[in-house]
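As structure tokens, the structure follows; a few thoughts come after it.
Each value in this text was obtained by applying a stated rule to the coordinates, not by laboratory testing. Keep in mind it's a predicted model, so treat the numbers as computed, not measured. Every residue, glycine as well, gets a Cβ built from its backbone with ideal geometry; the counts of neighbours run over all protein chains shown.
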Amino acid sequence: MYHISNSPKSKGVGTVDYHAFGKVKASKHRDSIIRLLYKSPMTPKELANQTGLELSNTSNYLSTLRELGLVRCLNDDLRKGRIYALTEKGKEVYSGLIRNLPVVLSG
């Protein structure tokens, strides 16, 4: 069973950050991006093509997910062709999404 912490800095095996999880659940677009990045790292353009979003909107969603610690850029030194992937925390949120997370509040 997964536990959701109400602390944004919560860490640990089987623990999902409640704040980050809620932000993803609140937006079908953030949800879609998390699900796509779970399958494979992608560029913002690839994500935009897969989701039907404008590239600028996709970049904004990626920025939010990055601030939440759910995605990271694998080649930050490039201006174009950046590749994004899920972090471990992002993979935990994904696992909660596909399991329709049984919620046990802690902390």
Quiz item: Taking the range 49-68, which residues are buried (at least 18 other Cβ atoms within 10 Å of the Cβ) and either of a type in the set (D, E, K, R) or within 13 Å of R82 (Cα to Cα) (or both)?
Solution: T58, L62
Exercise. Quickly run through the range 24-49 and pick out the residues that are within 9 Å of the chain's Cα centre (by Cα) and among the aliphatic types (A, V, I, L, M).
Key: V24, I33, I34, L37
